[in-house]
Amino acid sequence: MRLVIARCSVDYAGRLTAHLPLAPRLILVKADGSVSVHADDRAYKPLNWMSPPCTVKESEEGTGPVWTVQNKSGEKLIITMHEILHDSSHELGPDPGLIKDGVEAHLQELLADRMETLGEGWTLIRREYPTAIGPVDILGRDESGATVAIEIKRRGEIDGVEQLTRYLDLLNRDPHLAPVKGVFAAQEIKPQARVLAADRGIGCVTLDYDALRGIEDDKLRLF
């Protein structure tokens with residue numbers, strides 16, 4: 001991972017145009033090829049970013065280094081640096097991934113075993129379906145045979161919808177799976193997360209943990 005802190009301006013040219021005026025910012029270049037620009041007041045969310053795969057070309061202009069980041073669709077993120085305050089690279093190595101808490105892991109196991117909870121005719125392809133940015137909780141098919149990626153949380157918040165959006169972006173590049181739709185499943189889903197999911201065409205399902213456990217108990221009961 002490369003970390004650059006610089007006084008810079010940023011211009012995005014694509015389906016829309018956007019401009020960030022000159023200010024100190026953190027620029028992250030990750031091993032997956034993504035580039036993101038951060039301020040000091042927005043927690044984890046970047047001001048602007050380019051998802052992989054993309055290319056980064058560095059050139060020199062009168063003001064200093066200029067990075068042109070371009071994705072396969074031709075969209076560009078142009079970062080013009082006036083002063084570099086810090087520039088370092090670090091090898092983080094493979095990440096072990098997120099270890100879900102007991103309830104989330106059990107929800108995943110229960111739902112994978114009882115896909116009909118989501119609808120008649122739904123079937124499981126695989127739990128923990130691998131992608132370049134981490135495993136999708138459940139990959140399945142709906143009653144029409146369409147591929148569905150399901151992200152499971154105890155509490156459904158905006159970051160979970162963002163996570164599922166990234167998975168869908170990758171999965172829909174696979175011609176053997178596409179088109180892939182998304183379902184965000186949680187015991188409780190925040191209103192803001194529902195709004196964002198609806199805007200991105202992602203379905204929401206509220207899971208009843210106790211009911212799912214009851215289904216499991218009935219399945220295992222002999223008498």
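Does any residue in the stretch 28-51 that is of a type in the set (Asp, Glu) come within less than 6 Å, Cβ to Cβ, of a residue that is in a loop (DSSP other than H, G, I, E, B) and surrounded by 13 or more Cβ atoms within 10 Å (Cβ to Cβ) six or more places away or on a different chain, and which pairs are these? These pairs meet every condition: Asp32/Pro52.
No other residue among Pro130, Pro135 is of a type outside the set (Val, Ile, Thr), in contact with an Asp or Glu (Cβ under 7 Å, 6 or more places away or on another chain), open to solvent by 50 Å² or more (accessible area, probe 1.4 Å) and under 25 Å from His106 (Cβ atoms) apart from Pro135. Kindly check whether there is at least one residue in the stretch 122-140 that is basic (Lys, Arg), under 17 Å from the mean Cα position of the chain (by Cα) and at pLDDT below 95. For the stretch 122-140, residues basic (Lys, Arg), under 17 Å from the mean Cα position of the chain (by Cα) and at pLDDT below 95: absent. Identify all residues within the stretch 143-163 that are of a type in the set (A, V, I, L, M) and more than 19 Å from Glu116 (Cα to Cα); write none if there are none. Ile158, Val161, listed by residue number. Can you give me the ranges of the strands (runs of 3 or more DSSP E) entirely in the stretch 138-216 with at least 2 residues that are open to solvent by 10 Å² or more (accessible area, probe 1.4 Å) and among the aliphatic types (A, V, I, L, M)? Because the criterion is at least 2 residues that are open to solvent by 10 Å² or more (accessible area, probe 1.4 Å) and among the aliphatic types (A, V, I, L, M), the strands (runs of 3 or more DSSP E) in the stretch 138-216 that meet it are 180-189.
It is to be established whether one or more residues within the stretch 104-125 are surrounded by 15 or more Cβ atoms within 10 Å (Cβ to Cβ) and part of a strand (DSSP E or B). Yes, the stretch 104-125 contains a residue that is surrounded by 15 or more Cβ atoms within 10 Å (Cβ to Cβ) and part of a strand (DSSP E or B).
The values are calculated or read from the model by the stated rules, or taken from the named source; none is laboratory data. Since this is a predicted model, take the numbers as computed values, not measurements. Note that each Cβ is placed from the backbone with ideal geometry, even for glycine, and that neighbours are counted across all protein chains shown. Keep in mind that these areas ignore ligands, DNA and RNA; they rest on the heavy atoms of the full protein, side chains included. Shrake-Rupley method; radii C 1.70, N 1.55, O 1.52, S 1.80 Å.
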